[in-house]
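**Q** Below: one structure in structure tokens.
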Amino acid sequence: MSSMYRDIIVQIYRNPFNYGEMPDADLHAHDANTSCGDVIDLFIKLDEENKVKDVKFTGHGCVISKVSASLVTENIKGKKIDELESLDRDFVLDLLKEMLDLEVSPARIKCATLSLKAVKLCVLEWKKKREESLSNAEPETETED
């Protein structure tokens with residue numbers, strides 16, 4: 001890895017993209033990587049088509065965790081919720097490799113994918129909310145005695 005990439009990684013770590021809270025988020029997930037001490041809170045705002053309109057994160061952790069969260073949040077904007085569901089760890093590892101020439105060692109995979117795990121938790125929250133709204137919208141049927 002060249003010094004240019006190292007400088008970019010440090011710059012993103014110090015000033016990550018999409019860092020901050022979102023009080024009016026439609027979805028929120030909190031997760032932690034206990035083996036490293038990384039913590040993330042992820043906030044997603046959806047548009048009327050269930051596409052990611054805005055996304056923010058807060059938390060603390062190692063360089064890989066924070067830089068990964070920065071790239072993941074930037075790259076999920078505009079994606080539909082079902083597209084988020086299909087993302088996998090290769091999505092994150094490819095982002096880090098292609099954008100920053102950063103190879104993640106097996107010991108640091110959990111650090112790199114913590115933000116993806118939070119995205120998946122948001123998808124689960126959305127599904128649960130959707131199921132609840134659908135079950136509440138079902139008309140009640142009258143039974144004859």
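**Q** Let me have the 222 nm mean residue ellipticity of the chain computed from DSSP H runs of 4+ only, each contributing -39500 (n - 2.57), with the sum over all residues rounded to the nearest 500.
**A** It lands at -16500 deg cm²/dmol.
**Q** Of the peptides 54-64, 115-125, how do they stack up when ordered by the mean number of other Cβ atoms within 10 Å, highest first?
**A** Averaged packing, sorted descending, gives the order 115-125, 54-64.
**Q** Once the Cα gyration tensor of the range 3-125 is diagonalised, what are the square roots of 5 times its eigenvalues, in whole Å and ordered largest first, as equivalent ellipsoid semi-axes?
**A** In descending order, the three semi-axes are 22, 15, 14 Å.
**Q** May I pose another question? With each label point set 7 Å from Cα along the Cα-Cβ vector, what nm distance links Lys127 and Glu49?
**A** 2.3 nm
Since every read-out is calculated from the coordinates, none of them should be taken as a lab result. What you see is a predicted model, and the numbers here were worked out from it, not measured in a lab. No Cβ is skipped: glycine too gets one built from the backbone with ideal geometry, and neighbour counts run over all protein chains shown.
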